[in-house]
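Following: one structure in C-alpha cells, then a few remarks.
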Amino acid sequence: MRSPQDALYALVSDWPVNGGVHQQRAIDFCRAWLAGRMPAETVRQAFILAALEAGVAINDDDEDGAEAAVNPPV
C-alpha cells in the first residue's frame, strides 16, 4: 500500500474476509485520514491488525514502513 487511500480501496474492494471487527475499524480509520482526522501511522497499524484478522500476508519491504504489499491467502 502506498497510502491509506490505497488501503481503503483494498479493504472495501479486494478483502478476502468481510465483516471483521478490525477490517471495519481500519475502514473507519482510513476514512478519518481522508478527512484529516487521523495520522497515517495509526491507519497503518489498524490495517495490519485487519490483515492479521483476515489471514492476509503483508510484505513490508520499505525500511521505514512507508509501503506494504498485500498478499491475500491462496
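Just so it is clear, none of the values below were taken in a lab; they were calculated from the coordinates. Note that the coordinates shown come from a computational prediction; the quantities given were computed from them, not determined experimentally. With ideal geometry, Cβ positions are generated from the backbone for all residues, glycine too; neighbour counts draw on all protein chains shown.
Per residue, the average separation of C-alpha pairs within less than 8 Å and at least 6 apart gives the range 4-54 a relative contact order of 45 percent. Rounded to the nearest Hz, the phi-derived 3J(HN,Hα) couplings of the range 43-51 under the Karplus curve 6.51 cos²θ - 1.76 cosθ + 1.60 (θ = phi - 60°) are 5, 4, 5, 5, 5, 4, 4, 5, 5, where x marks glycine and proline. Peptide packing for 31-37, 9-15, 42-48 was compared via the average number of neighbouring C-beta atoms within 10 Å per residue; ordered from the highest value, the list is 42-48, 9-15, 31-37.
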